[in-house]
Amino acid sequence: MLIGILQCGHFPAAEGFPDKTYGDLYATLLAGRGLTFRTWSVVDLEFPESVRAADGWLISGSKHGAYEDEPFIPLLEAFLRDAYAADVPLVGICFGHQILAQALGGRVEKFEGGWSLGRMTYDLEGRELELNAWHQDQVVEVPSEARTIGQSDFCAHAALAYRGRAFSVQPHPEFSHDDVERLLTVRKANITPEEGARVREGLGRSLSNEVLADRIAAFFKEAPHV
């Protein structure tokens, strides 16, 4: 099964860390689950020729806000609406979670409560998961096509299931602790000492990445309706 990765940003490079793309991160996360991958860098206006160019689409994270005036955003929203209407499976992660909600009638904004950074606890349909986060923007109004199935103390709409073939999550199951440490290095100027200390406390502790990887792979293969 071919999964098309819609790359909405570039994972930052940092001295002392190997270069990675979002495509690399998702391919590693979902390895061994019967999926193959091809990446389209939509942030650079590289779009698939058709919503049928892959068997399912994974929408990546990004440094951009879904509400920003970036050339790729309206094009991506139109592509997602077309894919949703065509019942092609869609999975959104972080920015992907937000842009999918916005494309289908929800609302995203910069959260007044600040940033959610590092290892956080989420409730996903009654199951407690530990996952890395890195965001301030949030879905604040859920599309009529969706329902909330996951939340954290910081994020009320941390996972959405749609009536059509779509599912999305706010945290980053593709982020290892090394990836979070890279972000701390690259973005330290924007993080308070207290925030940095809290994130470092979580480094090396257990994560539920594999649980969510299994859920995503199963969704692509089964694409159940809500």
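Read-outs: derived from the displayed coordinates by stated rules, not from any lab. This one's a predicted model, so the numbers in the text were calculated from it and none came from an experiment. Glycine gets a Cβ as well: all are built from the backbone with ideal geometry, and neighbour counts include every protein chain shown.
Please list the three semi-axes, largest first and in whole Å, of the ellipsoid equivalent to the range 124-226, using sqrt of 5 times the eigenvalues of its alpha carbon gyration tensor.
Output for the range 124-226: semi-axes of 27, 16, 11 Å.
Once you have the Kirkwood Rh of the range 119-167 from its Cα pairs, apply Stokes-Einstein at 20 °C and 1.002 mPa s and quote D in µm²/s.
In µm²/s, the coefficient rounds to 189.
Normalised by the residues of the chain, what does the relative contact order come to in percent, with Cα pairs under 8 Å and at least six apart? Before the final figure, lay out each step's value.
On the way: 440 pairs, mean separation 44.3, N = 226.
Answer for the chain is 20 percent.
Have a look at 113, 29, 177 and report the one farthest towards the positive end of the charge dipole of the range 2-222, computed about the Cα centre with Cβ charges (Lys/Arg +1, Asp/Glu -1).
Towards the positive end, the residue furthest out is 29.
Express the Stokes-Einstein translational diffusion coefficient of the chain in µm² s⁻¹, to the nearest whole number, given a Kirkwood radius over alpha-carbon pairs, 20 °C and a viscosity of 1.002 mPa s.
For the chosen part, D equals 123 µm²/s.
Let me have the 222 nm mean residue ellipticity of the chain computed from DSSP H runs of 4+ only, each contributing -39500 (n - 2.57), with the sum over all residues rounded to the nearest 500.
Dividing the helical sum by the residues of the chain leaves -8500 deg cm²/dmol.
Quick one: length gained pulling residue 222 to residue 144 fully straight, 0.36 nm per residue minus the C-alpha distance? Before the final figure, lay out the partial values.
Working: separation 78, 0.36 × 78 = 28.08 nm, distance 2.26 nm.
Full extension from residue 222 to residue 144 adds 25.8 nm.
Which one of 1, 102, 167 has its Cα pushed farthest toward the positive end of the charge dipole of the chain, where Lys and Arg give +1 and Asp and Glu give -1 at the Cβ?
Toward the positive end, the furthest listed residue is 1.
Which one of 192, 155, 124 has its Cα pushed farthest toward the positive end of the charge dipole of the chain, where Lys and Arg give +1 and Asp and Glu give -1 at the Cβ?
So the residue furthest toward the plus end is 124.
For the range 69-133, state which trypsin sites (Lys or Arg not before Pro) are in a DSSP loop and have at most 10 other beta carbons lying within 10 Å of their beta carbon.
Filter output for the range 69-133: empty list.
What order do you get for 192, 39 when you list them from fewest to most C-beta neighbours inside 10 Å?
192, 39
State to the nearest 20 debye the size of the charge dipole of the range 2-222 about its Cα centre, where the only charges are +1 on K and R beta carbons and -1 on D and E beta carbons.
300
Can you list which of the GluC sites (Glu not before Pro) found in the range 63-168 are DSSP loop residues with at most 13 other C-beta atoms within 10 Å?
Sparse-neighbourhood loop GluC sites (Glu not before Pro): 68, 112, 125.
So what is the diffusion coefficient of the range 2-70 in µm² per second by Stokes-Einstein at 37 °C and 0.692 mPa s, using a Kirkwood Rh over Cα pairs?
For the chosen part, D equals 252 µm²/s.
Please check: in the Gaussian network model of the chain (C-alpha springs, under 10 Å), which one of 91, 108, 211 has the largest mean-square fluctuation.
Taking springs between Cα atoms under 10 Å, the residue moving most is 211.
How much length is gained if the chain between residue 127 and residue 15 is pulled fully straight, taking 0.36 nm per residue apart and subtracting their Cα-Cα distance, in nm to one decimal?
36.6 nm
What full-extension length gain, to one decimal in nm, is calculated for residue 192 and residue 163 as 0.36 nm per residue of separation minus the Cα-Cα distance?
Result: 6.4 nm gained on full extension.
Using the alpha-carbon centroid of each, what span in Å lies between the range 35-100 and the range 173-187?
Between the Cα centres of the range 35-100 and the range 173-187 lies a distance of 23 Å.
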